[in-house]
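The next block holds one structure in the form of structure tokens; read it before the comments.
The values are calculated or read from the model by the stated rules, or taken from the named source; none is laboratory data. The model shown is predicted, which means the values in this text are computed figures rather than measured ones. We place every Cβ from the backbone using ideal geometry, glycine too, and count neighbours over all the protein chains shown. Note: accessible area is taken over every heavy atom of the protein model, side chains too, but ligands, DNA and RNA are not part of it. Shrake-Rupley method; radii C 1.70, N 1.55, O 1.52, S 1.80 Å.
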4 protein chains.
Amino acid sequence: MDIGFIGLGAMGKAMAANLLQAGHRLTVWNRSPAPVEALVALGATAAAAPAAACRGEAVISMFADDRAIRETLLEPGLVERMPRETVHVNMATISVALARELAARHRAAGSAYVGAPVFGRPDAAAAAKLHILAAGDPAAIARVQPLFDAMGQRTWSFGVEPERANVVKVAGNFLIAAAIEALGEAAAMTEAQGVAGAEFLDLMMNTLFDCRVYRNYGTIIAAGNYEPPGFKLVLGLKDIKLALAAGEEVDVPMPTASLVRDSYLDAIAHGDGEKDWAALATVAARRAALGERS
Amino acid sequence: MDIGFIGLGAMGKAMAANLLQAGHRLTVWNRSPAPVEALVALGATAAAAPAAACRGEAVISMFADDRAIRETLLEPGLVERMPRETVHVNMATISVALARELAARHRAAGSAYVGAPVFGRPDAAAAAKLHILAAGDPAAIARVQPLFDAMGQRTWSFGVEPERANVVKVAGNFLIAAAIEALGEAAAMTEAQGVAGAEFLDLMMNTLFDCRVYRNYGTIIAAGNYEPPGFKLVLGLKDIKLALAAGEEVDVPMPTASLVRDSYLDAIAHGDGEKDWAALATVAARRAALGERS
Amino acid sequence: MDIGFIGLGAMGKAMAANLLQAGHRLTVWNRSPAPVEALVALGATAAAAPAAACRGEAVISMFADDRAIRETLLEPGLVERMPRETVHVNMATISVALARELAARHRAAGSAYVGAPVFGRPDAAAAAKLHILAAGDPAAIARVQPLFDAMGQRTWSFGVEPERANVVKVAGNFLIAAAIEALGEAAAMTEAQGVAGAEFLDLMMNTLFDCRVYRNYGTIIAAGNYEPPGFKLVLGLKDIKLALAAGEEVDVPMPTASLVRDSYLDAIAHGDGEKDWAALATVAARRAALGERS
Amino acid sequence: MDIGFIGLGAMGKAMAANLLQAGHRLTVWNRSPAPVEALVALGATAAAAPAAACRGEAVISMFADDRAIRETLLEPGLVERMPRETVHVNMATISVALARELAARHRAAGSAYVGAPVFGRPDAAAAAKLHILAAGDPAAIARVQPLFDAMGQRTWSFGVEPERANVVKVAGNFLIAAAIEALGEAAAMTEAQGVAGAEFLDLMMNTLFDCRVYRNYGTIIAAGNYEPPGFKLVLGLKDIKLALAAGEEVDVPMPTASLVRDSYLDAIAHGDGEKDWAALATVAARRAALGERS
């Protein structure tokens, strides 16, 4: 297929490479030039401006946050100028509110739009092992399914309202953050009671919680190894705020999310915003003054 | 081995049966007679009183809570009268404080004591698939290892202070309760946003959280199927209070545990104390008045 | 003095009337016409558009929220077109972020700006008994002091950065909301223990907490009398979000504010958003299922 | 009247002195001898043992916690041996559960019992300005009313179940702790936003919250003056636990109390348990790393 791809961060770059690898033709754009060059070396065409990439059978957007989508696509009116035969596939983690706005503007403009955020970190993106959450017009999804197949291990369908895929993504990220908070609290308690957090976490990861999230974050917390970050804590705060906002839109209290948000602020106040978001566990340890015990 | 076994609830009965199956000789006692008769039919000897079962190479206690241990073993002074060649193995989920007291009294009496709580529900006990967390004098643990091998799939060691095994057990149960709370909040939010909680939970159980705890409780919550209970909500409250107490002993705040405790009280106030402890999810749904939405 | 006054809600109308009463000349504007007519009857001049009221020695703005300020003053560029001899006095409860932006735009435009939110409800406004929190250039404050004297019982000074007055206002409103939440929880507990909440609250209001906030809300909660609202619950949510946002700007967790926010969402989900914000107490009662007890 | 008085801490000593001053005859007992000697110098008679003070028209107990009541009165069986003509007036802050047990044991023994905890610190006790919360048999209360009049400024009645006075006391102390927590959070936020906490608190104490509790704790927090303690933080934790226990008995979640409990543990973990319980405000400041900001 002939497609545009805008937003080539750690995730986008790997996803675009897999699309090229699968034989698709890509016109790519990114704010900074380095990843563009890397993809051109793999066969992509560089777009001089976002508008030049908004054409073809599909356009994939993969930005870091709402602001980037607003500045690149919404404010310049690119959504309204997308060709009717092009399917816009937004794969970035954005707010439910912005996803709803994007859907409405595409609907008004008569162009096709699919919400398709993903689960998976850059290594999963590189291995084409992403889980893709897709929502939108079934015909539009069917048209871009070959692209999903080239980037992910499985596509999960969440109906025709595109923003619902974002609801699911945001709820999933909340579950991860909540799990990290709980792991931090539990490890702080066992430590203070004389059981090394690492021993406790090793048991958990191998018995009750033998799954990716607990293995990954249990290992990081056990080692106290928060740098370099796999996912920055400031982005964790962004994501938990997306969950709180999604809840607030529909009058749903999420007290665990509120608690996690406060722990993130505590971590950022203590200078840990650029560490891995698992550094939430250091907040639990600090509340207990573990570092000041002999 | 020649052993005593006191406390034959759903867990104890299955564990004792596996010991008989492995060729050990058991003298059993239980408050109510039915499980005693069932085990006698499998070859056990019935004890007329707890004291009569407190003899042999090991005595295993498997009660529902601190109170049962106090009334059966501590108040009658059985701990002090256990033979020096007998290893008392407490496998019940008890408070860290009581575990410490048991250890101290055995130490004072010169008798051997091992803390050995387990992870696994009755079906895992029946299948001899328990994870056994053992702490105490290594020589004493070595003597009872054949018993552990007959009841569990693996023994995890947590050092020489017997109460530390209970610390780990209590921390693990807290992690489960925290996961249930988070699942409930996330599902309430997705429901209100138009995504069926079941669809969301199905994704989670098959991707990020593909492990026993999330599969089990995700399935229960998705189906809204809280009766009959696998583990009663009132016992969940008991367990979260054990975690809070363990934290308080060593000055460790556990805000997620506090939050979960409050949700349990809410559930009990609404008449759900005898349901499965996953009914915590109904509290999240009620906070959002999901039941009152069309 | 010759002044403009824009925003004539319950508060603004009463404040403007006091200014007229004190002999000042007012040009007034409001989105809906009724309060304008009422003030014209008292001697004010009606402005056809906000711009027509942005002149004279001072312009007072008194809107319900950030959005109204943005739409009326910022988006049309009125801030930039205010005469250099005019002092803009914003007395509305707005976000710290918007207060900072207003200050910066006035500074850039070379015009004078004073932040001056108030404590007091419409009855206090009518009685010229407001407490006015003022921050900004001392010379500018001095010029509008006669206006403050006509509207309030006392002016409190918070330095030269105009947004700091808003910081104080937002923090104060948070304290009120937190007090209401605690009153609700305490009354729910005493009720369930057999002591009428009203009896308990009566004691508190007359002993430890013999002050306006507790008297006011204690009386409302004791009577369960949430309609008509003195201050709507949805506005309470708005205010607690201003506190959380002010905290987040400077990395300060406010866990009590988070908890109160979640209680507000619970109340709104249950249809109580238009009631008095003291209806927070019904959330505490519902968590305990008080209404379902005989 | 001829009365016994047991428990002569800072509160009890001042209350007993006022009773002597009013002309009553006191037989006093205390664990440590110094306060006994001081009261003997004022005309009291020393009792060699608690039993010797459990006689006369009334016996007042004023201990620091549940444990002291248990060890002094319950375990030695003094409750059962109190003369039928004696009214036992317990004025200590104890758990609702213990108050209920005391009432039941007196009822079974056929002796009179009144629950009468107080609001007021040692200075109020010395000035006979206590607020006394009384519950129990009206005839018994009437008999000891002259004693209340000698110790307090007003007696508040809470019906015939003696433990209900304790419910009210426990709920009131919770309100104080919740107010301190909120003051700490608000002051941390204003500080980080550039407004000295002291300035903010000064405003609050003189406007919205012009009452004893806010004045007292606002002043302490503004000055950061937590030593010597007026009321120790570890006792604050004890009191908040009484509130949580009272709620738990009747299935009432009190999330603010849970939050405050966790803050107390944080403070104690950081070595502040012996400071004034207003040091809760330092926890809010530490969460925001205020001490590490320039």
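Figures for the structure shown
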| item | result |
| --- | --- |
| Pairwise label distance in nanometres, B:ARG84 with C:ASN206, each label 7 Å out on the Cα-Cβ vector | 7.0 |
| CD proxy at 222 nm, helix term only [per DSSP H run n ≥ 4: -39500 (n - 2.57); per residue of the protein assembly as shown; nearest 500] | -16500 deg cm²/dmol |
| Positive dipole terminus of chain C, leading residue within C:LEU73, C:ALA126, C:VAL59 (C-beta point charges) | C:VAL59 |
| Where D meets C: accessible area buried, both sides, 1.4 Å probe, Å² | 5000 |
| Span from the the range B:217-240 Cα centroid across to the the range A:256-286 one, whole angstrom | 30 |
| In the range A:207-250, the trypsin sites (Lys or Arg not before Pro) that fall in loop regions by DSSP, at most 12 other Cβ within 10 Å | none |
| Rounded if a/c under 1.5, otherwise prolate or oblate - the protein assembly as shown, Cα gyration tensor axes | oblate |
| Separation of the C:GLU227 and A:SER32 label points, Cα + 7 Å toward Cβ, nm | 5.7 |
| Residue range of chain C that is longest and free of GluC sites (Glu not before Pro) which are both DSSP loop and sparsely packed (at most 16 other C-beta within 10 Å) | C:86-273 |
| Residues of the range C:252-268 buried by at least 20 Å² on assembly (accessible area, 1.4 Å probe, chain alone as reference) | C:VAL252, C:PRO253, C:MET254, C:PRO255, C:THR256, C:SER258, C:LEU259, C:ARG261, C:ASP262, C:LEU265, C:ASP266, C:ILE268 |
| Partnerless cysteines, meaning none of the other Cys C-beta atoms lie under 4.7 Å away, in the protein assembly as shown | A:CYS54, B:CYS54, C:CYS54, D:CYS54 |
| Solvent-accessible area, 1.4 Å probe, carbon plus sulfur percent, for the range B:167-293 | 50 |
| For chain C, built as a Gaussian network whose Cα springs stay under 10 Å, the top-fluctuating residue of C:ILE132, C:ILE176, C:ILE141 | C:ILE176 |
| Exposure of D:LYS13 as accessible area (Å², to 10), given a probe of 1.4 Å and all protein chains | 90 |
| Three-way shape call for the range C:2-161 based on the alpha-carbon gyration tensor, with the a/c threshold at 1.5 | rounded |
| Å² per residue, accessible surface of the protein assembly as shown at 1.4 Å | 34 |
| Between the range B:37-94 and the range D:108-167, the Cα center-to-center distance that results, in Å | 48 |
| For C:VAL114, residues with placed amide H under 5 Å, excluding near neighbours | C:HIS88, C:VAL89, C:ASN90 |
| Heavy atoms of D:LYS129: accessible area, 1.4 Å probe, square angstrom to 10 | 110 |
| Exposure of A:PHE231 as accessible area (Å², to 10), given a probe of 1.4 Å and all protein chains | 60 |
| Complex-versus-alone comparison for the range B:269-294, residues with a loss of 40 Å² or more in accessible area, probe 1.4 Å | B:ALA269, B:HIS270, B:ARG287, B:ARG293 |
| Label geometry 7 Å along the beta-carbon vector: C:GLY77 inter-copy distances in nm | 1.9, 9.4, 9.5 |
| Sulfur and carbon atoms: percent of accessible area, the range D:2-161 [1.4 Å] | 54 |
